[in-house]
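> The structure follows.
Since every read-out is calculated from the coordinates, none of them should be taken as a lab result. Source: prediction; values computed, not measured. Methodologically, a virtual Cβ is constructed for each residue, glycine included, from the backbone with ideal geometry; neighbour enumeration extends over all protein chains shown.
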Amino acid sequence: MKLLRFTIVHELLLALIILLLPWQARWIAIPGTLNGATWEYGTLSLYAVDILVLCIIAVSCAIALMNTSRPHIHLSGALALFLLIVSSMGIAFATNTLSAIFWLAKLAEGVALFFCISLARLPFERIAMAWTVAGVIQSILAILQFTTQRIVGSTWFGMANQDPNSLGVQVIQTEMGRVLRAYGSLPHPNMLAGFLVITIIVGLVLFWRTDSAFKRVLLPIAVGIEASALWMTFSRQAWIALAVALIVCTAYAFKVSRSFPSRVAFGIGCTVLPMVVFSLVFPELMHSRIDTQNRLEQQSVNERQEYVEESIAVLREHWFTGIGIGNNTAYTHDADRDRGIYKSGSSYQPVHNVYLLVFVELGIFGLVGFLLFGLSLLYKTRWRHVSVFTWSVCLIALAVIGFFDHYLWSLHFGILLFWIAAGLLSNAKEHVDNYV
């Protein structure tokens, strides 16, 4: 009975972490500054959701002590620990030791959460519903932001004021002026978009397998709302990730049934239709976002290319050991200072590619460990089980996003998002015979 109570508490804590993950309320212990500007990657913070993570770790330890069977560490778990060991050894090569220790702690938090999730017994539908509810809440907030063209800041919710007329705010530049992209409660539209891609995938799978008439009505509406909000983020990387996920789902449906089931087609239609409608209603916004000759888009492309070139230059000297976890921007700044180059602190960002960023910070062993970890999760997956299928597609979507952005490795939200998704897939594979 006591073990059952702890198991229920564990499930509730995980659902709360998923619901609260996008909310960025935090206590800034040590503010980071670089050339007089705020330096996020050098800022040491404690987030509200970190408290829940500590709670679920404690509950998981209690469950492990009460459980008579000894949990075993599978291949994915061993590779996660290997990645953690390589990251800790890399501190010796870090330019900013304090930053390296902090981001190592963040990685350790993600890995610990991975183990807490992967070794538990979790009901797929209830966890999936937590994702759906979280996605709808964020989507409603995003739609309101896009409609009003204003984001009101709140310290308690971890949100900053965002005005489309202010420099640094993520906007679409058109002939009519600057149009604010939707942020939700997150610090960047791309981060909201990545979260929404996961919630859309989960919502679609729930819809495809439900026998409840109520959910058959509710879930397509939820997916449509999330797809609308995803369009309003104008995140090209997330659009690509969602397209890949839908292609995988379609291919799998054909493979299993040798046809295209009507419910699968309807679910995909509920996802695609809102995005098509908004694109037709606001063609100038879509054209501005897709047109790489647009001033803002050209600036974005040039900056990303510059980050890649800087990373390649670093790898020529540090490909074996790396420069230390969390030290990409610190190393670049120090290298510029040594050459007499002074740039705005806000211009220093990690390279927008998770795999290249891991290579730069952890060296060749870190990159190999990270890639093998991801491949081990997808290796020999029994996709006929709904839980394994869902979290596999989610991880594939995140892997696609990793080619275009860095937040899955470099920011608190992204780190936890990645390790939660990885933990859920590992959990589904570990307990696959308990799922229906």
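> Can you give the FRET efficiency for Ala213 and Ala48, using 1/(1 + (r/R0)^6), R0 = 30 Å, r = Cβ-Cβ distance, to the nearest 0.05? Walk me through the numbers on the way to the answer.
Numbers: r = 37 Å, r/R0 = 1.25.
Taking R0 as 30 Å, the efficiency between Ala213 and Ala48 is 0.20.
> Looking only at Cα atoms, what is the convex hull volume of the range 368-421 per residue, in Å³?
Considering the Cα atoms of the range 368-421, their hull volume per residue is 72 Å³.
> Compute the length gained on full extension between Trp319 and Ala265: take 0.36 nm times their separation in residues and subtract their Cα-Cα distance, giving the result in nm to one decimal. Mind dumping the intermediate values first?
Working: separation 54, 0.36 × 54 = 19.44 nm, distance 4.63 nm.
Working it through step by step, the gained length comes to 14.8 nm.
> Please compute the Kirkwood hydrodynamic radius of the range 99-167 from all pairs of different C-alpha atoms, in Å with one decimal. Display every interim value, and only then the final one.
Details: mean 1/r = 0.0641 Å⁻¹.
Its Kirkwood hydrodynamic radius stands at 15.6 Å.
> Can I ask one more? Between Val171 and residues 5 or more places away or on another chain, which pairs have amide H atoms under 5 Å apart, with H built 1.01 Å from N, and which residues are they?
Hits under the 5 Å cutoff: Arg181.
> Something else: If you keep only loop residues by DSSP, which trypsin sites (Lys or Arg not before Pro) in the range 242-275 have at most 14 other Cβ atoms within 10 Å of their Cβ?
Arg258
> Give me the three principal axis extents of the range 150-211 from the C-alpha atoms, as integers in angstrom, largest value leading.
Projected onto its principal axes, the Cα set of the range 150-211 covers 48, 34, 15 Å.
> Sticking with this structure for a sec: Go through Cys394, Asn96, Phe234 and say which Cα lies farthest out towards the positive end of the charge dipole of the range 74-434; charges sit on Cβ, +1 for Lys and Arg, -1 for Asp and Glu.
The listed residue farthest towards the positive side: Cys394.
> May I ask you to list the chymotrypsin sites (Phe, Trp or Tyr not before Pro) in the range 153-216 that are in a DSSP loop and have at most 15 other Cβ atoms within 10 Å of their Cβ? Walk me through the intermediate numbers first.
Details: sites: Trp156, Phe157, Tyr183, Phe195, Phe207, Trp208, Phe214; in loops: Trp156, Phe157, Tyr183.
Counting only loop positions with at most 15 other Cβ atoms within 10 Å, the chymotrypsin sites (Phe, Trp or Tyr not before Pro) in the range 153-216 are Trp156, Phe157.
> Another question about this same structure. Where in the chain are the DSSP H helices whose alpha-carbon span along the long axis reaches 20 Å or more and whose Kyte-Doolittle mean is at least -1.0?
Helices meeting the criterion: 2-20, 48-66, 75-89, 97-118, 124-148, 189-209, 213-233, 236-257, 262-281, 354-378, 386-401, 412-430.
> Counting other beta carbons within 10 Å of each residue's own, what order do Leu98, Leu398 fall into, fewest first?
Result, fewest neighbours first: Leu98, Leu398.
> Now a separate question. Please work out how much length the chain gains when fully extended from Val276 to Arg126, using 0.36 nm per residue of separation minus the C-alpha to C-alpha distance, in nm with one decimal.
On the way: separation 150, 0.36 × 150 = 54.00 nm, distance 3.08 nm.
Contour length minus Cα-Cα distance gives 50.9 nm.
> Using the per-residue mean of other Cβ atoms lying within 10 Å as a proxy for protection, in what order, highest first, do the peptides 75-81, 221-227 fall? Could the numbers behind the result be given before it?
Details: 75-81: 19.7, 221-227: 22.9.
Highest mean packing first, the order is 221-227, 75-81.
> Write out the chymotrypsin sites (Phe, Trp or Tyr not before Pro) in the range 331-395 meeting two conditions: DSSP loop, and at most 15 other Cβ atoms within 10 Å of their Cβ. Could the numbers behind the result be given before it?
On the way: sites: Tyr331, Tyr342, Tyr348, Tyr355, Phe359, Phe365, Phe370, Phe373, Tyr379, Trp383, Phe389, Trp391; in loops: Tyr342, Tyr348, Tyr379, Trp383.
In loop regions of the range 331-395 (DSSP not H, G, I, E or B), the sparsely surrounded chymotrypsin sites (Phe, Trp or Tyr not before Pro) are Tyr342, Tyr379, Trp383.
> If you don't mind, another one. Along the Cα-to-C-beta direction of Lys255, a point sits 7 Å from the Cα; which residues of the range 369-388 have their amide N less than 11 Å from that point?
Label zone hits: 380-384.
> Could you give the length gained on full extension between Thr148 and Ile341, defined as 0.36 nm per residue of separation minus the Cα-Cα distance, in nm? Write down the numbers at each step before the final one.
Working: separation 193, 0.36 × 193 = 69.48 nm, distance 4.06 nm.
Length gained between Thr148 and Ile341: 65.4 nm.
> Principal axes first, then extents: for the Cα atoms of the chain, list largest minus smallest coordinate on each axis, whole Å, largest first.
Principal axes ranked by extent give 64, 56, 42 Å for the Cα atoms.
> Quote the relative contact order of the chain in percent (integer), defining contacts as alpha-carbon pairs under 8 Å separated by 6+ residues.
On the way: 647 pairs, mean separation 98.5, N = 436.
Taking the mean separation of contacting Cα pairs over the length of the chain, I get 23 percent.
> Mind checking the dipole of the chain: about its Cα centre, +1 per Lys or Arg Cβ, -1 per Asp or Glu Cβ, Debye to the nearest 20?
Working: 28 positive and 24 negative charges, 286 e Å.
With Lys and Arg at +1 and Asp and Glu at -1, about 1380 debye.
> Working only with C-alpha atoms, what are the Rg and Dmax values of the range 248-348, expressed in angstrom?
22.5, 64
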